[in-house]
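*Asks:* My structure is below; once you've seen it, I'll send some questions.
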Amino acid sequence: MMKKTLIVLTLLVFVLPLSACGLNSKGSNDQHQTSKVKPKVKKDEALIKKNQTIWTKLTKDAEVVKTDAYSGDSIVPTKLSDLKKAGNIVKGTVYNLEQMDAPKNMALTKAKIRIDQVLSGDKSLTGKDYYVVLRGGLTTTDVYYADMNRTKEVDHDILVENPEAPLPKIGTQFITVLDKNNLANGSEYSQILMKSGFTKTNSLPIFDEQFSFWIKDKTGKYVLNNPKASTDLEDLTWDINHNYA
């Protein structure tokens with residue numbers, strides 16, 4: 001009986017240190033994983049803050065010009081089921097805003113976004129960065145008022161703002177629909193985008209910036225980034241928050 005007890009005690013002496021070692025190893029691995037994640041988050045926050053500072057410096061002294069540049073009719077999805085058919089519904093973050101070339105009498109902004117989550121559609125887009133075009137932004141009076149029969153001051157910077165599609169701030173989280181890329185179709189618009197660094201692989205178009213772009217507000221809810229939108233989209237916005245927020 002004593003021999004058996006000694007054997008059990010001897011085994012416990014060997015097993016317990018090994019178990020403790022295993023736990024320490026697991027804890028060490030967990031800490032290592034955490035340390036790998038945290039620096040990336042900090043790096044992203046630092047990058048966003050840096051880009052915010054640069055954009056603020058570029059725009060703070062620019063003359064603000066209000067415009068309603070949207071024209072024509074468009075089919076606006078008012079149901080989530082229809083929105084899913086329009087393209088890939090994604091949740092993302094605005095990482096940067098840059099001035100870019102634009103056709104005469106227009107202002108466009110080159111926005112870098114990161115797709116944090118694919119809510120409906122192609123899951124392979126998750127975690128990738130893309131450029132998208134946003135209405136409004138920095139341009140010059142010579143470009144914006146080109147060929148117009150009006151008196152203008154000497155060429156200087158202006159910041160064009162569209163009340164139906166305000167530029168989101170850098171760092172903003174959003175939900176929108178991304179369409180297929182038709183960049184290489186030979187149009188003048190495509191040529192302008194390619195001149196500004198857009199390619200078939202690094203960019204995607206927003207399906208409808210005016211009526212299908214929601215931004216996260218201070219309460220944590222997503223609101224349509226169009227203060228002038230009709231109430232027909234209230235149910236869709238509710239569904240966006242109920243299913244994806």
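The values are calculated or read from the model by the stated rules, or taken from the named source; none is laboratory data. Predicted model only: the values in this text are computed from it and were never measured. Please note: Cβ atoms are built from the backbone with ideal geometry, for glycine as well, and neighbour counts cover all protein chains shown. When the accessible area is computed, the model is the full protein with side chains, heavy atoms only, and any ligands, DNA or RNA have been set aside. Shrake-Rupley method; radii C 1.70, N 1.55, O 1.52, S 1.80 Å.
*Asks:* Rounded, prolate or oblate: which fits the range 63-244 when a ≥ b ≥ c are the square roots of the eigenvalues of the alpha-carbon gyration tensor, with rounded for a/c under 1.5 and prolate only if a/b beats b/c? Can you show the working numbers first?
*Replies:* Values: a/c = 1.87, a/b = 1.48, b/c = 1.26.
Prolate is the answer for the range 63-244, as a/c is 1.5 or above and a/b outweighs b/c.
*Asks:* At Thr140 and Lys66, where each label point lies 7 Å from the Cα along Cα→Cβ, what is the point-to-point distance in nanometres?
*Replies:* 2.7
*Asks:* While we're here: In the range 119-245, what percent of the accessible surface is made up of carbon and sulfur (1.4 Å probe, ligands and nucleic acids excluded)? Don't skip to the answer; put the middle values down first.
*Replies:* Working: 3390 of 6890 Å².
In the range 119-245, the share of accessible area belonging to carbon and sulfur is 49 percent.
*Asks:* Here's something else I'd like to know. What's the FRET efficiency of Thr53 with Asn182 using the Cβ-Cβ distance as r and R₀ = 25 Å, to the nearest 0.05?
*Replies:* Numbers: r = 34 Å, r/R0 = 1.38.
My answer for the efficiency is 0.15.
*Asks:* With the crude spin-label approximation of a point 7 Å out along Cα→Cβ, what separation in nm comes out for Lys79 versus Val223?
*Replies:* 2.8
*Asks:* From the cross-link list Lys84/Lys112; Lys128/Lys195; Lys60/Lys221; Lys60/Lys123, which pairs have alpha carbons spaced over 32 Å apart?
*Replies:* Working: Lys84/Lys112 23 Å; Lys128/Lys195 22 Å; Lys60/Lys221 29 Å; Lys60/Lys123 38 Å.
Flagged as over cut-off: Lys60/Lys123.
*Asks:* Okay, next question. Could you give the nm distance between label points at Lys195 and Thr126, where each point is 7 Å from its Cα heading toward the beta carbon?
*Replies:* 4.0
*Asks:* A further question follows. Per residue, what accessible area does the range 63-244 have, given a 1.4 Å probe and all protein chains present, in Å²?
*Replies:* 53
*Asks:* Sorted by packing (mean other beta-carbon atoms within 10 Å per residue), highest first, where do 137-143, 122-128 land?
*Replies:* On the way: 137-143: 18.7, 122-128: 12.3.
Those peptides, ordered most packed to least, come out 137-143, 122-128.
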